[in-house]
Amino acid sequence: MKFAGSVVPVIDLTKARTGSEAEKQQVADEVGAAARSIGFLVVSGHGVPQPVIDAATEASRSLFDLPAADKAKYRSPDPAIYRGYFGIETGNLASTIGEDGAKPDHREYYNVGRFDLDPADPYFTTPTARRIFQENIWPDAHVPAFKPAIIDYYREMAGLAELLMELCARALHLPADWFADKIDKHITNLVVSNYPDQPEELEVGQLRAGAHTDYGGLTILKTEDKPGGLEVLTADGRWEPVPIVPGAFIINLGDLMAQWTNDEWVSTMHRVVNPPRAQGVGSRRQSLVFFHQPNYDAVIECIPTCAVGQAAKYAPTTSIEHLDMKMNQMNDTPKFKETQAA
């Protein structure tokens, strides 16, 4: 179904979780149709307990309510370690699509990576793994509820991502477990973003989050219905708002899914716009963003069912190669370099 006036469909996942094979395929076909047309969908019936969502939301808000000096205590001591707190304007998402002169994003955010690593598994002890799977930075001294709430939420998102990837496989006429060995040791980051009130107008061209595509397989977003929100770029060049459906998550495909499918499915440009000037105060908006990223060594190349009758558009790459390229572009801002050097 479509939310009234929206180009983004709303899909109920209940039958994908509990239904017959035929019902699961029906839901998968709905996911595939959204993936081909707009690359975004909203999912209800996902099975994530509301108390888990509420606890993560409340703990994250408490974190961003801290004074700036306290939040700064949870910055990473090493700029090469993507963990902990990042201040306002330290990221520039529009730069990841090559936008010249792009302004840094008017948001602050906190990054959490995987925490459930098996030290006996050689996969987690390679030089690449040691660089990726860093210790998380937890604000225990100021917000002790943050760590347990975020860990519970991360686990729920990982389970939902597995279900969504299974539906993607079914939609692509692949075995249901086709993606399983490519995501079983995923390198997902959970990013909690805070878009503060805007009592004063920003620089011309500056947004809460500049236009970009996401980097990985898919993204699971929980956000708030506040002025100044998420917009998606349609195929005919219009920016359209993505609906906020109570109790539902927004899902969008990332670059790797587009490359896997030879652009049969789309990784769509999106942005977070500023509130109307008259609503700048009271527009604070918070998002929990689960950037589901395949295993670091997962090879991304045209999958068999998308290679029929056409040449592959992309050279093979790996999950980590693409992620490294995009992160280096996003972090190329003066404030990122200043705060990491401080």
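The values are calculated or read from the model by the stated rules, or taken from the named source; none is laboratory data. The structure displayed is predicted, hence computed values, not measured ones. As a convention, Cβ positions derive from the backbone with ideal geometry for all residues, glycine included, and neighbour counts pool all protein chains shown.
The table for this structure:
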{"quantity": "Any chance Ala34 is over 19 Å from Leu221 (Cα atoms) and among the hydrophobic types (A, V, I, L, M, F, W, C)", "calculated": "no"}
{"quantity": "The stretch 79-98, subset surrounded by fewer than 18 Cβ atoms within 10 Å (Cβ to Cβ) and touching an Asp or Glu at 6+ places or on another chain (Cβ under 6 Å), residue nearest to Leu66 (Cα to Cα)", "calculated": "Gly87"}
{"quantity": "Residues that are crowded, with 19+ Cβ neighbours inside 10 Å and either under 23 Å from Pro196 (Cβ atoms) or touching a residue at least 60 places away in the same chain (Cβ under 8 Å) (or both), drawn from the stretch 232-257", "calculated": "Val232, Val242, Pro243, Ala248, Phe249, Ile250, Ile251, Asn252, Leu253, Asp255, Leu256, Met257"}
{"quantity": "Counted residues, the stretch 203-239 - those being assigned to a strand (DSSP E or B) and closer than 22 Å to Pro104 by Cα", "calculated": "11"}
{"quantity": "Subset of the stretch 43-58 (residues that are surrounded by 14 or more Cβ atoms within 10 Å (Cβ to Cβ), of a type outside the set (S, T, N, Q), within 19 Å of the chain's Cα centre (by Cα) and in a helix (DSSP H, G or I))", "calculated": "Val52, Ile53, Ala56"}
{"quantity": "Residue satisfying all of: in the stretch 128-165; under 17 Å from Leu63 (Cα atoms) and of a type in the set (Gly, Ala, Ser); surrounded by the most Cβ atoms within 10 Å (Cβ to Cβ) among these", "calculated": "Ala149"}
{"quantity": "Among residues of the stretch 103-128, those that are touching a Pro at 6+ places or on another chain (Cβ under 9 Å) and touching a residue at least 40 places away in the same chain (Cβ under 8 Å), counted", "calculated": "5"}
{"quantity": "Leading residue by the ranking (nearest to Glu162 (Cα to Cα)) among those in the stretch 288-311 that are in contact with a Phe, Trp or Tyr (Cβ under 8 Å, 6 or more places away or on another chain) and without any contact (Cβ under 8 Å) to a residue 60 or more places away in the chain", "calculated": "Ile300"}
{"quantity": "Pairs where the first residue, in the stretch 275-287, is in contact (Cβ under 8 Å) with a residue 12 or more places away in the chain and the second is of a type in the set (Asp, Glu) and surrounded by 11 or more Cβ atoms within 10 Å (Cβ to Cβ), C-beta under 8 Å, 6+ apart", "calculated": "Gly280/Asp197; Val281/Asp197; Gly282/Asp197; Ser283/Asp197; Arg284/Asp197; Arg285/Glu224; Gln286/Glu224; Ser287/Glu224"}
{"quantity": "Residue in the stretch 194-216 that is at pLDDT 95 or above and β-branched (Val, Ile, Thr) present", "calculated": "no"}
